[in-house]
1. With respect to Ile164, determine if the residue is open to solvent by 40 Å² or more (accessible area, probe 1.4 Å), part of a strand (DSSP E or B) and of a type in the set (Val, Ile, Thr).
2. Since Gly143 meets every condition but one in (1) touching a Gly at 6+ places or on another chain (Cβ under 9 Å); (2) crowded, with 17+ Cβ neighbours inside 10 Å; (3) on the phi < 0 side of the Ramachandran plot, which condition does it not meet?
3. Could you check how many residues of segment 135-152 are in contact with a Leu (Cβ under 7 Å, 6 or more places away or on another chain) and not in a loop (DSSP other than H, G, I, E, B)?
4. Condition check: of a type in the set (A, V, I, L, M, F, W, C), under 21 Å from Thr144 (Cβ atoms) and either assigned to a loop (DSSP other than H, G, I, E, B) or out of contact with any Pro (no Cβ under 7 Å at 6 or more places or on another chain) (or both). Does Trp106 satisfy that?
5. Give the residues of segment 96-122 that are surrounded by fewer than 17 Cβ atoms within 10 Å (Cβ to Cβ), closer than 30 Å to Arg155 by Cβ and of a type outside the set (Ser, Thr, Tyr), sorted by residue number.
6. Within segment 123-134, which residues are surrounded by fewer than 14 Cβ atoms within 10 Å (Cβ to Cβ) and not in a loop (DSSP other than H, G, I, E, B)?
7. Please return the ranges of strands (runs of 3 or more DSSP E) entirely within segment 23-95 where 1 or more residues are in contact (Cβ under 8 Å) with a residue 12 or more places away in the chain and loosely packed, with under 14 Cβ neighbours inside 10 Å.
8. Looking at Pro67, Pro116, which is the one that is touching a Phe, Trp or Tyr at 6+ places or on another chain (Cβ under 8 Å) and within 19 Å of Trp150 (Cβ to Cβ)?
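The values are calculated or read from the model by the stated rules, or taken from the named source; none is laboratory data. What you are looking at is a predicted structure, and each value in this text was computed from that prediction instead of being measured. With ideal geometry, Cβ positions are generated from the backbone for all residues, glycine too; neighbour counts draw on all protein chains shown. Only protein heavy atoms, including side chains, enter the accessible area calculation; ligands, DNA and RNA are left aside. Shrake-Rupley method; radii C 1.70, N 1.55, O 1.52, S 1.80 Å.
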Amino acid sequence: MNTSSVSRAQLTFARHDGTRVQIGPAALETIRKHLQNQPHIPESGGVLLGRHLLETDDIVVDLVTTPQPGDRQQRHWFFRRRRCHQELINRAWQESEGTCTYLGEWHTHPESDPTPSWIDLLDWQRKLAFDHFTEPIFFVIAGTAETRAWEGRRRSHVTALRRIDER
């Protein structure tokens, strides 16, 4: 990849414990390529991949998966098939020698300032109850003008994160 073409923009969100979650430049650029800023563009999504910074407990999203063969997309919904994305998660883990891990999910909404739908909230609660992951996990929704993030933990509610930085 030509790094001069990669935007240096990133998003940083404050967590309730004072640490941060940062969506790095490459991940953010990939998400922004899928924004639903035209009526014919369907909802897109994938998983968040990145690392836990040991010195600070901050979390960095370095990569995201994008819609894969078998995923289903419509204007107001996206269904991510588990298998293809799991293979990408496994490959990232192996290639990084165990430093790049699953951090959560992302998808788009065809609205300026996105809010989770009741389907999103039910899906997030199902993931928190039944999926295998290292806590916490994050849920990102990219709207046409704003990107929002939420943190989820087992046995607790999903909480909205506050954006603190965009460069």
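1. So Ile164 fits the description; yes.
2. (1)
3. 9
4. So Trp106 fits the description; yes.
5. Answer for segment 96-122, where residues must be surrounded by fewer than 17 Cβ atoms within 10 Å (Cβ to Cβ), closer than 30 Å to Arg155 by Cβ and of a type outside the set (Ser, Thr, Tyr): Gly98, Asp113, Trp118, Ile119, Leu121, Leu122.
6. Gln125, Arg126, Ala129, Phe130
7. Ranges flagged: 72-74.
8. From the options Pro67, Pro116, the qualifying one is Pro116.
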